Amino acid sequence: MTASFTISQVEGFKREAKRLHRDTHISHSQALDQIASANGYSNWSLLAKHSDAHDAAKTKSARPPFQFVRTPELMRLALLKVPEPRGWGRPTRSDHAQQQVEDLSSAFTSAQNAVQFAIDYVSCLLAVPRFKLYSAAPAYWEMRSWLPYSCHWVEDGKHILVNRSYKPVGQVGKDWANYAEFPNLHTHFANDLHRSFTAQGSRDGYLFNDGCLPWHSRVDAAAYLDRLSVLSQVLSS
């Protein structure tokens, strides 16, 4: 009979896999599978399912969807440049704006939730009569971090929503992230459905490109909103 593991044991296995990945140069997913095999399971996904961590994740997924709550007036304020930082060793104005953005990558309960959040965000943005995005404004970094850029292929029909930095959508900054640790943002659908929400001139699965960034103009934001709506329909079908 195969064993069931505690959260602490699973975290220990993850550390072992990181060491194995570093020492042998095999991929991180291969290292996880080797650890799983050594502990009675054919792959890491099966081991993870037989753990307290999996049960905790199931309980966590029962949370209500994370909602975007902001009025157009508050959005207008988020579009303003932050004050110039003061003091020695101060960050740049742009860095200071980015530091004000909350990491939401673990707050979303599902890929569908992340897409609906993005729809509500862009709808609120478009409710501001006139807007322009500056790199010294929090909203600029929110959009780069919180909005889906692509449905990135992971394996066997599984995809994950990523932001403009190819990090799990909602993550702030460019720190390394293991996609396997964000199952809340994973989804499954056939690759040919990518085309239904892909921006013109982009590779399949990309909701925008450098020529139609949603923070560049109202027209681009509105077109992006339309593609988000299509993606939402794909995820709910």
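A compact table of results
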read-out: Any hit, the range 23-37, residues being modelled with pLDDT of 85 or more, more than 24 Å from the chain's Cα centre (by Cα), among the aliphatic types (A, V, I, L, M) and over 27 Å from HIS188 (Cα atoms); value: no
read-out: Subset of the range 38-80 that is over 18 Å from SER123 (Cα atoms) and acidic (Asp, Glu) - its residue that is modelled with the lowest pLDDT; value: ASP55
read-out: Residue within the range 127-149 that is under 29 Å from HIS28 (Cβ atoms) and either in contact with a Cys (Cβ under 6 Å, 6 or more places away or on another chain) or among the basic types (Lys, Arg) (or both) present; value: yes
read-out: Pair list, Cβ < 6 Å and 6+ apart or interchain, from the range 182-201 residues that are in the same structural domain as LEU231 (by TED's automatic domain parsing) to residues that are assigned to a loop (DSSP other than H, G, I, E, B) and of a type in the set (Phe, Trp, Tyr); value: ASN184/PHE108; ALA199/PHE208
read-out: Test: GLU142 is crowded, with 18+ Cβ neighbours inside 10 Å, of a type in the set (Asp, Glu) and within 25 Å of GLN233 (Cβ to Cβ); value: yes
read-out: Enumeration of residues in the range 207-223 that are in contact (Cβ under 8 Å) with a residue 40 or more places away in the chain and crowded, with 19+ Cβ neighbours inside 10 Å; value: LEU207, PHE208, PRO214, TRP215, ALA221
read-out: Failed condition for ALA137, given (1) surrounded by fewer than 17 Cβ atoms within 10 Å (Cβ to Cβ); (2) touching a residue at least 40 places away in the same chain (Cβ under 8 Å); (3) not hydroxyl-bearing (Ser, Thr, Tyr); value: (1)
read-out: Test for LYS18: is it buried (at least 18 other Cβ atoms within 10 Å of the Cβ), within 18 Å of ALA177 (Cβ to Cβ), outside the structural domain of VAL154 (by TED's automatic domain parsing) and free of Cβ contacts under 8 Å to residues at least 40 places away in the same chain; value: no
read-out: Pick from the range 156-210, criterion closer than 14 Å to ALA111 by Cα and of a type in the set (Lys, Arg), ranking: modelled with the lowest pLDDT; value: LYS158
read-out: Any chance LEU126 is touching a Leu at 6+ places or on another chain (Cβ under 9 Å), buried (at least 21 other Cβ atoms within 10 Å of the Cβ) and not assigned by TED's automatic domain parsing to the domain that holds LYS18; value: no
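The values are calculated or read from the model by the stated rules, or taken from the named source; none is laboratory data. Keep in mind that this is a model prediction, so the values were computed, not measured. In this analysis, Cβ positions are derived from the backbone assuming ideal geometry, glycine residues included, and neighbour counts consider all displayed protein chains.
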